[in-house]
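I have placed the structure first, in the form of structure tokens, so that the comments after it can refer back to it.
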Amino acid sequence: MKALVYHGPGSKAWEDVPDPVLKDPTDAIVRVETTTICGTDLHILSGDVPAVTDGRVLGHEGVGVVTEVGPECTRVKVGDRVIISCVTKCGYCEYCKQGMTSHCQTVGGIGWIFGHLIDGTQAEFVRVPFADNGLIPLPADVTAEQGVMLSDILPTGFEIGVLYGAVKEGDVVAVIGAGPVGLASVMTARSRGASKVIAVDGNKFRLERSLDFGATDTIDILAGGNTVEQIKELSRGGLGVDVAIEAVGLGPAFRTSLDCLRPGGHLANVGVHGKPVEFPIDRDWINNLTLTTGLVNATTAPELLTEIEQGKIAPEKFVTHHFTFDEFDRAYDTFSNAADEHALKVIISNG
């Protein structure tokens, strides 16, 4: 089969590799129809994830059709059209039972293994461990484009941003960073009943698109003025927002998220930070704040799938570009230059 293979920092190739085979009785093989690219894939290509070694097939998101199942698979069967979850979960270890599948102990304490510790989904076929838990049936009335957003991005913004941030009916929410994950938080915060969602970014295209995702207000950090004060002006009584969702992963964004909170507010950190950030506890110990972090568990995909079917959310809005499997280089170039290309998520399809 053909697959996109990592060959060290800055090097990848669409090349022939052996077809995957069943290794364990709970495995399944899926023929990948549709996949996409995540910011994590770019981190891998930059050499930021040393656990990814030469020869690894990239990718952790996809929709496809089951072509083979192990003898202990009881839920999935050959011919099923499925969403491939980015998190592998055994379902029976302590962390899986707690719902924290991102730390599944059976697969080594980290549920993200596709394109990381085992071969991933940017390929014609992929082996899926614990397939009964890692494959989600895709209804006939849900498109592959909608479904692939449930592999990772939409559950990430929802779980780590909205749920961990405890967004509730009537809350005022600021989403710092209107990239794909930030927009996933915008979309699902509105569906959870937030009265106001403020998108904060320096990219005009993303800010304009955020209104389509449910943002009620936008703030351009490059337009001048004090960003924190502008956010607070949009909050109840000017005291600050109920929830700030940090979806950038940089120190200034973290500080803005913290500074715009009202007493009793919640900072939900979704961004991937490569460097330490400062938490001024000498100032904020008195403010009754809550700070949460997390790696997506991807357990909410069925719930989000129902919301798609009911028309409450429309994840197809993330898609800005389409490519075929023989255009992976172009797809990566586009996604790597998202600001210039006005790209949110790119779809790569097999034919």
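The values are calculated or read from the model by the stated rules, or taken from the named source; none is laboratory data. All values reported here derive from a predicted model rather than from experimental measurement. Because the Cβ atoms are built from the backbone with ideal geometry, glycine has one as well, and the counts that use them run over all protein chains shown. The protein model used for the area step is the full one, side chains on, heavy atoms only, and it has no ligands, DNA or RNA in it. Shrake-Rupley method; radii C 1.70, N 1.55, O 1.52, S 1.80 Å.
Condition first: assigned to a loop (DSSP other than H, G, I, E, B), on the phi < 0 side of the Ramachandran plot and touching a residue at least 60 places away in the same chain (Cβ under 8 Å). Now tell me which residues in segment 111-130 satisfy that. Break it down stepwise before answering.
Within segment 111-130, the first condition is being assigned to a loop (DSSP other than H, G, I, E, B), and the residues that meet it are 111-113, 115-117, 119-122, 124, 129-130.
This time we only want the ones that are on the phi < 0 side of the Ramachandran plot, so: 111-113, 116-117, 119-122, 124, 129.
Matches in segment 111-130: GLY111, TRP112, HIS116, LEU117, ASP119, GLY120, THR121, GLN122, GLU124, PRO129.
I'm checking my understanding of the structure. Among residues of segment 336-346 that are open to solvent by 20 Å² or more (accessible area, probe 1.4 Å) and in a helix (DSSP H, G or I), which one is nearest to LYS12 (Cα to Cα)? Before you say what the answer is, go through the steps one by one.
Within segment 336-346, the subset open to solvent by 20 Å² or more (accessible area, probe 1.4 Å) is 336-337, 339-342.
Narrowing further to those that are in a helix (DSSP H, G or I): 336, 339-341.
Working: SER336: 14, ALA339: 22, ASP340: 22, GLU341: 21 Å.
Among them, the one singled out is SER336.
Might you check whether a residue that is among the acidic types (Asp, Glu), within 17 Å of VAL5 (Cβ to Cβ), surrounded by fewer than 17 Cβ atoms within 10 Å (Cβ to Cβ) and at pLDDT 95 or above occurs anywhere in segment 46-55?
Narrowing segment 46-55 to residues among the acidic types (Asp, Glu): 48, 54.
Applying the additional criterion that residues be within 17 Å of VAL5 (Cβ to Cβ) yields 54.
Restricting the remaining residues to those that are surrounded by fewer than 17 Cβ atoms within 10 Å (Cβ to Cβ) gives 54.
Adding the requirement that they be at pLDDT 95 or above leaves 54.
Taking every residue of segment 46-55 in turn, at least one turns out to be among the acidic types (Asp, Glu), within 17 Å of VAL5 (Cβ to Cβ), surrounded by fewer than 17 Cβ atoms within 10 Å (Cβ to Cβ) and at pLDDT 95 or above.
Checking PHE328 against (1) open to solvent by less than 60 Å² (accessible area, probe 1.4 Å); (2) in contact with a strand residue (DSSP E or B) (Cβ under 7 Å, 6 or more places away or on another chain); (3) not in a helix (DSSP H, G or I): exactly one of these is not met. Which one?
(3)
Anything in segment 212-235 that is part of a helix (DSSP H, G or I) and surrounded by fewer than 15 Cβ atoms within 10 Å (Cβ to Cβ)? List them, or say none. Walk me through how you get there before you give the answer.
Kept after step one, since they are part of a helix (DSSP H, G or I), are these residues of segment 212-235: 212, 227-233.
Of everything in segment 212-235, those that are part of a helix (DSSP H, G or I) and surrounded by fewer than 15 Cβ atoms within 10 Å (Cβ to Cβ) turn out to be ASP212, GLU229, GLU233.
Hey, could you check segment 17-45 for residues that are polar (S, T, N, Q) and under 28 Å from ASP333 (Cβ atoms) and say which is nearest to the chain's Cα centre (by Cα)?
So in segment 17-45, the residues polar (S, T, N, Q) come out as 26, 34-36, 40.
If we keep only those that are under 28 Å from ASP333 (Cβ atoms) too, we end up with 34-36, 40.
On the way: THR34: 16, THR35: 13, THR36: 11, THR40: 9 Å.
Among them, the one singled out is THR40.
Looking only at segment 146-170, count every residue that is touching a His at 6+ places or on another chain (Cβ under 9 Å) and of a type outside the set (Val, Ile, Thr) and tell me the total. Please lay out each step first, then the result.
Here is the first cut: in segment 146-170, the ones touching a His at 6+ places or on another chain (Cβ under 9 Å) are 151-152, 164-167.
This time we only want the ones that are of a type outside the set (Val, Ile, Thr), so: 151-152, 164-166.
Residues meeting the conditions: 5.
On the basis of being farther than 17 Å from MET187 by Cα and of a type in the set (A, V, I, L, M), does ALA301 make the cut? Steps first, please.
Details: farther than 17 Å from MET187 by Cα: no; of a type in the set (A, V, I, L, M): yes.
So ALA301 fails the test.
Given the structure, is ARG209 at pLDDT below 95 and basic (Lys, Arg)? Quick ask: steps written out before the conclusion?
Values: at pLDDT below 95: no; basic (Lys, Arg): yes.
The answer is no for ARG209.
One line per residue, one yes/no per condition, for (1) of a type in the set (Gly, Ala, Ser); (2) under 16 Å from GLU33 (Cα atoms):
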{"position": "ARG75", "(1), (2)": "no, no"}
{"position": "LEU117", "(1), (2)": "no, no"}
{"position": "GLY120", "(1), (2)": "yes, yes"}
{"position": "THR143", "(1), (2)": "no, yes"}
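Report, by residue number, each residue of segment 184-211 that is assigned to a strand (DSSP E or B) and either among the hydrophobic types (A, V, I, L, M, F, W, C) or surrounded by 20 or more Cβ atoms within 10 Å (Cβ to Cβ) (or both). Please lay out each step first, then the result.
Step one: filter segment 184-211 for residues assigned to a strand (DSSP E or B), giving 196-201.
Across segment 184-211, the qualifying residues are VAL197, ILE198, ALA199, VAL200, ASP201.
Name the single residue, out of those in segment 276-302 being assigned to a strand (DSSP E or B) and open to solvent by less than 80 Å² (accessible area, probe 1.4 Å), that is farthest from GLY39 (Cα to Cα). Full working, then the answer.
As a first pass, look at segment 276-302 and keep what is assigned to a strand (DSSP E or B): 290-292.
After this cut, where a residue has to be open to solvent by less than 80 Å² (accessible area, probe 1.4 Å) as well, the list is 290, 292.
On the way: THR290: 27, THR292: 21 Å.
Per the stated criteria, the residue is THR290.
What about LEU305, is it in contact with a His (Cβ under 9 Å, 6 or more places away or on another chain) and either part of a helix (DSSP H, G or I) or buried (at least 16 other Cβ atoms within 10 Å of the Cβ) (or both)?
Values: in contact with a His (Cβ under 9 Å, 6 or more places away or on another chain): no; either part of a helix (DSSP H, G or I) or buried (at least 16 other Cβ atoms within 10 Å of the Cβ) (or both): yes.
No.
In the set VAL175, VAL181, which member is assigned to a strand (DSSP E or B), surrounded by 19 or more Cβ atoms within 10 Å (Cβ to Cβ) and touching a Gly at 6+ places or on another chain (Cβ under 7 Å)?
It is VAL175.
If I filter segment 256-275 down to residues being of a type outside the set (Gly, Ala, Ser) and modelled with pLDDT under 95, which single residue comes out as surrounded by the fewest Cβ atoms within 10 Å (Cβ to Cβ)?
LYS275
Taking segment 236-250 as the region of interest, how many residues are outside any loop (DSSP other than H, G, I, E, B), among the small types (Gly, Ala, Ser) and open to solvent by 10 Å² or more (accessible area, probe 1.4 Å)? It would help to see each step written out before you state the result.
Taking segment 236-250 and keeping what is outside any loop (DSSP other than H, G, I, E, B), we get 236-238, 241-246.
Cutting the leftovers down to among the small types (Gly, Ala, Ser) gives us 237-238, 244.
Adding the requirement that they be open to solvent by 10 Å² or more (accessible area, probe 1.4 Å) leaves 237-238.
Matching residues across segment 236-250 total 2.
Among the residues that make up segment 106-128, is at least one of them within 30 Å of ALA194 (Cα to Cα), open to solvent by 50 Å² or more (accessible area, probe 1.4 Å) and out of contact with any Phe, Trp or Tyr (no Cβ under 6 Å at 6 or more places or on another chain)?
For segment 106-128, residues within 30 Å of ALA194 (Cα to Cα), open to solvent by 50 Å² or more (accessible area, probe 1.4 Å) and out of contact with any Phe, Trp or Tyr (no Cβ under 6 Å at 6 or more places or on another chain): absent.
Would you call GLU94 acidic (Asp, Glu), touching a Pro at 6+ places or on another chain (Cβ under 9 Å) and open to solvent by 30 Å² or more (accessible area, probe 1.4 Å)?
Numbers: acidic (Asp, Glu): yes; touching a Pro at 6+ places or on another chain (Cβ under 9 Å): no; open to solvent by 30 Å² or more (accessible area, probe 1.4 Å): yes.
So GLU94 fails the test.
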